[in-house]
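Heads up, the thing below is written out as structure tokens.
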Amino acid sequence: MYSSPNASTLPPIPRYSDSFAEYTTPRDTQQLEWSFNGHPQLAFVPLRDRFEGPIFQRLAYTFQSLPIEQDRCTLWCLSPTVKNQWEDLEEKLLSIATFLIRRSFATLPVDFIVFRLPSQYGWHRSVREEQYARKIAMRCRDAFIPLISLCSFAISLHLTIQDTRFHIAQSWDTLLVEQLGVHPEWVNSLQQSIVADFSPNIRVGVIVHTPTCLWLDRIPGMLLANVPIWFYWGPFGAIPPPVKPVSGVITLYRPTSEEIDEEHQRTCNFHLEGHLAELAQSEPPREEIPKPERYSRQKLGETWQEFFARHEVIRTRKIVTESEGERQRRLDRERNAQSHQAPSRNTRGPVVYYWSQEGQFRIRTRVFRGNVEDIWDHYADSQQRFNSIHNEWDICTEFDPEAHPEMDGDLLEFNTFEDNDLAQPSRAETPPGPPPYQSRLPSPSPLSPVIPPTHWADDLRNMYDSACSAGINLNTPTLDHILCHRYGFDYTRISYNGVQPDQKRWDDVRKILLDRNV
């Protein structure tokens, strides 16, 4: 039995687990999961990346735009300049989160831990292949996502504080400025970022397993921060077990015996009248069904299972009537697809479609060619389907929910042999705490060094100072980059000898592509 104080629908429920799977990646945290006692902060993970503003602009790279360099030993690694920027940001975010958690005097579970930090994914490493260097760097970049959620969680601890015995009437931003020494403009930029944006429908949320969850007293702050929450109370029709005394506030959301009996009776009436079977087979109202993407060939309200069943019939019919040349080209495409390599950015390469989740529906959405490599490795082979007739891939986790993407080459070596202790999220060394009645201070996890106030100003200066502006990479794609990675136009492989340019038509193309220099 499930209930929610701030969500009107029940999302797809994942298989219950009280711990992470082995080799959990940062991107995995953007999927709805059950409550983990060691990670209450993951409920604050943003659904979409928002690497913007002076603080997070340094993370706004794609797989292709990442500055990967070769060292003297011809090994590939992340640019030292970017590495230093990321290292500085990790230190500052961790310092803020640790300070706010400790200053909130909140009681956290004994096994509360910080998700694996970006630096622990090896941004300092040099590898043989440029592709692997980019994958490692992107995983380091993605690890800022759970670190951002940690900061949001730390801020939420100050949204419900009413106990004046600890003299904590100051807001979290005032505490950062006056006690931690953070520059006011840095705090202002943090307030405008995803860290402190508590608008509805921008967080992953959490399914709270009420019988085992140890941070139920943190729920009010999550609700004030508009984090979607679904409570699991036990089998339907059963009276929920009493929750822990320290979490008495959760009884406000616990269904009463009368509500349970009423719901149970309503369900029984559906069974008796046959309405439940009719409801399961009936189609939702048309206005509630998301409109399919144009040219996706998905019909309104069509599930991915129905889509593939319909296209299997089309495929069989076309194979019967294809010519020998068409048959040979189809077989060549099928042989090339057996390796499950990410399609190239060439316009003649396969098109990739991602089945995005929109409520209870999956919508077939085309992926820009330049973004394919960013997401391809997040899916196992069994979660990728190739259509050799239309020369296109479909990717979706629902194709095989139990599958996990395989690691390759240097990534596997890195996780398995060189840094095996990081296969699971790292535990901080937590000293034995005093009895609860002596102190409500959480054990810091981990303790971060104190950052001198001048360092916050230096960070702003690097982003704003006009004297340094020439060295700042705002990661704005050039026209050549857009043509190649979004539209698949690779002019380096084509000869234009003897071609007379049409200036007017070229100016029109530049205007369409929003080139302001026309």
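The values are calculated or read from the model by the stated rules, or taken from the named source; none is laboratory data. Because the structure is predicted, anything quoted here is derived from the model rather than measured. All Cβ positions, glycine included, derive from the backbone under ideal geometry; neighbour counts span all protein chains shown.
Cβ-Cβ contacts under 6 Å between residues 6 or more apart (or on different chains), taken from a first residue in segment 317-341 that is over 13 Å from His390 (Cα atoms) to a second residue that is assigned to a helix (DSSP H, G or I), are listed as His340/Asp381. Scanning segment 96-134 for residues that are buried (at least 21 other Cβ atoms within 10 Å of the Cβ) and part of a helix (DSSP H, G or I) yields Ile96, Ala97, Thr98, Phe99, Leu100, Ile101, Arg103, Ser104, Pro118, Tyr121, Ala133, Arg134.
Show me the helices (runs of 4 or more DSSP H) entirely contained within segment 203-301 in which 2 or more residues are at pLDDT 65 or above and outside the structural domain of Ile155 (by TED's automatic domain parsing).
On the way: elements: 219-224, 257-273, 275-281.
The helices (runs of 4 or more DSSP H) meeting that bar are 219-224, 257-273.
Quick grid of which residues meet (1) in contact (Cβ under 8 Å) with a residue 60 or more places away in the chain; (2) in contact with a Ser or Thr (Cβ under 6 Å, 6 or more places away or on another chain):
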{"site": "Arg116", "(1), (2)": "yes, yes"}
{"site": "Gln131", "(1), (2)": "no, no"}
{"site": "Ile136", "(1), (2)": "yes, no"}
{"site": "Pro146", "(1), (2)": "yes, yes"}
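Can you name the residue in segment 348-396 that is assigned to a loop (DSSP other than H, G, I, E, B) and small (Gly, Ala, Ser) and is also farthest from the chain's Cα centre (by Cα) among such residues?
Step one: of segment 348-396, the residues assigned to a loop (DSSP other than H, G, I, E, B) are 348-350, 359-360, 367-368, 377-380, 388-391, 396.
Pick out the ones that are also small (Gly, Ala, Ser) and you get 349, 359, 380, 388.
Numbers: Gly349: 27, Gly359: 17, Ala380: 17, Ser388: 31 Å.
Taking the candidates together, the pick is Ser388.
Counting only residues that are among the basic types (Lys, Arg) and either closer than 22 Å to Asp261 by Cα or outside any loop (DSSP other than H, G, I, E, B) (or both), segment 1-35 holds 1 of them. Scanning segment 486-518 for residues that are at pLDDT 65 or above, within 36 Å of the chain's Cα centre (by Cα) and either over 24 Å from Gly370 (Cα atoms) or surrounded by 10 or more Cβ atoms within 10 Å (Cβ to Cβ) (or both) yields Arg486, Tyr487, Gly488, Phe489, Val509, Arg510, Lys511, Leu513, Asp515.
For the criterion of being in the same structural domain as Ala97 (by TED's automatic domain parsing), of a type in the set (A, V, I, L, M) and within 21 Å of Pro146 (Cα to Cα), Leu175 fails. Ala403 meets all of the listed conditions (1) under 26 Å from Ile13 (Cα atoms); (2) crowded, with 17+ Cβ neighbours inside 10 Å; (3) not basic (Lys, Arg) but one, namely (2). Taking the criterion of being part of a loop (DSSP other than H, G, I, E, B) and out of contact with any Leu (no Cβ under 7 Å at 6 or more places or on another chain), the residues of segment 503-518 that qualify are Leu514, Arg516, Asn517, Val518. Which of the residues that make up segment 350-400 are in contact with an Asp or Glu (Cβ under 8 Å, 6 or more places away or on another chain), charged (D, E, K, R), surrounded by fewer than 18 Cβ atoms within 10 Å (Cβ to Cβ) and free of Cβ contacts under 8 Å to residues at least 60 places away in the same chain? If the condition is that a residue be in contact with an Asp or Glu (Cβ under 8 Å, 6 or more places away or on another chain), charged (D, E, K, R), surrounded by fewer than 18 Cβ atoms within 10 Å (Cβ to Cβ) and free of Cβ contacts under 8 Å to residues at least 60 places away in the same chain, then Asp381 is the only one that fits.
Looking across segment 26-60, the residues that are surrounded by 20 or more Cβ atoms within 10 Å (Cβ to Cβ), among the aromatic types (Phe, Trp, Tyr) and touching a residue at least 40 places away in the same chain (Cβ under 8 Å) come down to Phe44, Phe56. When each of Trp355, Trp376, Trp393 is tested for being assigned by TED's automatic domain parsing to the domain that holds Gln298 and within 20 Å of Arg134 (Cα to Cα), the lone residue that passes is Trp376.
Identify all residues within segment 340-354 that are out of contact with any helix residue (DSSP H, G or I) (no Cβ under 9 Å at 6 or more places or on another chain) and at pLDDT 90 or above; write none if there are none.
Let us first name the residues in segment 340-354 that are out of contact with any helix residue (DSSP H, G or I) (no Cβ under 9 Å at 6 or more places or on another chain), namely 348, 353.
Answer for segment 340-354, where residues must be out of contact with any helix residue (DSSP H, G or I) (no Cβ under 9 Å at 6 or more places or on another chain) and at pLDDT 90 or above: just Tyr353.
Counting the residues of segment 297-324 that are polar (S, T, N, Q) and closer than 16 Å to Gln357 by Cα gives 3. Screening Glu33 against (1) among the charged types (D, E, K, R); (2) modelled with pLDDT of 90 or more; (3) within 30 Å of Leu176 (Cα to Cα) leaves a single unmet condition, (3).
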